[in-house]
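Chemist: Please see the structure below; I have some questions.
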Amino acid sequence: MQAITRGISDSMADCELTHLEREPIDVARARDQHAAYVRLLDELGAEVTELAADHDHPDCVFIEDTAVVVDEIAVITRPGADARHGEVEAVAAALHGQRPVLRMIGGGRLDGGDVLIAGDEVYVGTGHRSDAAGAAELRDFLEPLGYRVIEVAFSGCLHLKTAVTKVREDLLLINPAWASPEHFAGFSFVEVHREEPMAGNALQLGDHVVIPESFPRTAGRLHEQGLIVHTVEVSELQKAEGGVTCCSLLLD
Ligand code: CIR
């Protein structure tokens, strides 16, 4: 497993915000938290490549939004927020040599945070950062490779993967108030604890699952499912509306 991460911008405090009020972000603390996250990926067996921060792009640490990577190809996205378009070039350069790199140039918009891949099924949450044209472009790239791209409606949060993530091949962690389980036929579900609505974003690496330490009750539910649960402190990243999946691109 390889992981690509990106450093934290000096300008992170000017990040995009949709559902949260702006709060002061301690950038030095954010860097410490991010370093601990990277260390954990390393301890869990990922070979981590860290790209330099881009100080003109406050949200550059949230590298997940800039690309969708499957075994066969990497798709460089056209992020839903205009201010984030300049983040993609460094990521495209890093992916060259790892995968054939394809680009969304059809005018659609897509954030990787809206793309949930489970086997051959690729769920794309549209209506916020990603649109139907973006989902269609991704479909054009992926369906010839045998994937099925399924558009999913969700509400109440920034990205589809704020609401639902895969924690085992057959198991989704979900906030059903934001994304309906009905969209995901054939899966079992663990629901976030009702006092932890933002806990639906967990990062799976094999049998291991990483979740912010601010969601202990949901972490307990994952543990009850037999998963090996690791917690990380990401309070400063959460103030920028980020979570644990968004800080890495994973390449199997
Ligand atoms: C944004 O609004 O684009 C950033 N402040 C947060 C992006 C988080 N990305 C993700 O969860 N995939």
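The values are calculated or read from the model by the stated rules, or taken from the named source; none is laboratory data. Since the structure is predicted, the reported quantities are computational estimates derived from the model, not experimental observations. All Cβ positions, even for glycine, are placed from backbone atoms using ideal geometry, and neighbour counts span all protein chains on display. Accessible surface is based on the protein model in full, side chains and every heavy atom, while ligands, DNA and RNA are left aside. Shrake-Rupley method; radii C 1.70, N 1.55, O 1.52, S 1.80 Å.
Chemist: Which far-off residues, 5 or more places away or on another chain, put their amide H under 5 Å from the one on Ile150, with H placed in the peptide plane?
Modeler: Distant-sequence amide H within range of Ile150: Val122, Tyr123, Val124.
Chemist: For the chain, what does the helix formula give at 222 nm: sum of -39500 (n - 2.57) over DSSP H segments with n ≥ 4, over the residue count, nearest 500 deg cm²/dmol?
Modeler: Values: 6 runs with 54 residues, N = 252.
Result for the chain: -6000 deg cm²/dmol, rounded to the nearest 500.
Chemist: Given a 1.4 Å probe and heavy atoms of the protein chains only, how would you sort Ile150, Ile8, largest accessible area at the top?
Modeler: The ranking, largest first, comes out as Ile150, Ile8.
Chemist: Once fully extended, how much extra length lies between Ser214 and Ser11, figured as 0.36 nm per residue of separation less the alpha-carbon to alpha-carbon distance?
Modeler: Residue separation times 0.36 nm, minus the Cα-Cα distance, leaves 70.6 nm.
Chemist: Taking a spot 7 Å from the Cα of Gln98 along the direction of its beta carbon, which residues of region 40-65 have an amide N less than 14 Å from it?
Modeler: 42, 46-52, 62-65
Chemist: Still on this structure: Which residues does a label at Ala133 reach in region 103-125, if reach means a backbone N under 17 Å from a point 7 Å past the Cα toward the Cβ?
Modeler: 103-111
Chemist: How large is ³J(HN,Hα) for each residue in region 155-160, as worked out from phi by the Karplus curve 6.51 cos²θ - 1.76 cosθ + 1.60 (θ = phi - 60°), to whole Hz, x for Gly and Pro?
Modeler: Result, ordered by residue: 7, x, 8, 5, 10, 4 Hz.
Chemist: Kindly sort Ser130, Ser188, Ser235 by accessible area of their heavy atoms, largest first, with the probe set to 1.4 Å.
Modeler: On the way: Ser130 0, Ser188 60, Ser235 30 Å².
Output order, biggest surface exposure first: Ser188, Ser235, Ser130.
Chemist: Roughly how many debye, to the nearest 20, is the charge dipole of the chain about its Cα centre, given +1 on each Lys and Arg Cβ, -1 on each Asp and Glu Cβ, and no other charges?
Modeler: So the magnitude is around 240 debye.
Chemist: Could you tell me what fraction of 2.2 N^0.38 Å the Cα radius of gyration of region 104-174 comes to, as a two-decimal ratio?
Modeler: Its radius of gyration relative to the 2.2 N^0.38 Å reference: 1.05.
Chemist: What are the ³J(HN,Hα) values, in whole Hz, obtained from phi via the Karplus relation 6.51 cos²θ - 1.76 cosθ + 1.60 with θ = phi - 60°, for each residue of region 93-106 in sequence order, with x given for Gly and Pro?
Modeler: With the stated coefficients, region 93-106 comes to 4, 5, 7, 4, x, 8, 8, x, 9, 10, 10, 7, 10, x Hz.
Chemist: For region 245-252, just list the computed ³J(HN,Hα) in residue order, Karplus coefficients 6.51, -1.76 and 1.60, θ = phi - 60°, integers in Hz, with x standing in for Gly and Pro.
Modeler: Each residue's phi maps through the Karplus curve to give 6, 6, 8, 8, 10, 9, 10, 6 Hz.
Chemist: Further question: If you average over every viewing direction, what projected area does the convex hull of the Cα atoms of region 1-100 give, in nm²?
Modeler: 6.8 nm²
Chemist: Taking amide hydrogens as modeled 1.01 Å from N in the peptide plane, which residues meet the under 5 Å criterion relative to Glu50, leaving out close sequence neighbours?
Modeler: Excluding prolines and chain starts, which carry no amide H, the hits are Thr5.
Chemist: Give the accessible surface of the chain per residue, rounded to a whole number of Å², with probe radius 1.4 Å and ligands, DNA and RNA excluded.
Modeler: Per-residue accessible area for the chain comes out at 41 Å².
Chemist: I want to make sure I understand the PRE zone here: with the label point 7 angstrom from the Cα of Ala28 toward its beta carbon, which residues in region 195-236 have backbone N atoms less than 16 Å away?
Modeler: Once the point is set 7 Å along Cα→Cβ of Ala28, 236 turn out to lie under 16 Å by backbone N, inside region 195-236.
Chemist: For region 166-228, rounded, prolate or oblate, judged on the Cα gyration tensor with a ≥ b ≥ c (square roots of eigenvalues), a/c < 1.5 rounded, else prolate if a/b > b/c?
Modeler: Because a/c hits 1.5 or more and a/b fails to exceed b/c, region 166-228 counts as oblate.
Chemist: Given the Cα atoms of the chain, and with Rh set as the inverse mean 1/r over their pairs in the Kirkwood sense, what is Rg to Rh to two decimals?
Modeler: Across the chain, the Cα-based Rg/Rh ratio is 0.92.
Chemist: Let me ask you something else. Please arrange Arg31, Arg109 by accessible surface area, largest first, computed with a 1.4 Å probe and ligands excluded. Numbers along the way, then the final one.
Modeler: Numbers: Arg31 90, Arg109 55 Å².
Per-residue accessible area, sorted high to low, gives Arg31, Arg109.
Chemist: Mind listing the long-range amide H neighbours of Glu233? Cut-off is under 5 Å, sequence gap 5 or more, other chains count too, H placed in the peptide plane at 1.01 Å from N.
Modeler: Glu213
Chemist: Which length gain, in nm to one decimal place, applies between His19 and Glu121 when the Cα-Cα distance is subtracted from 0.36 nm times their residue separation?
Modeler: 33.9 nm
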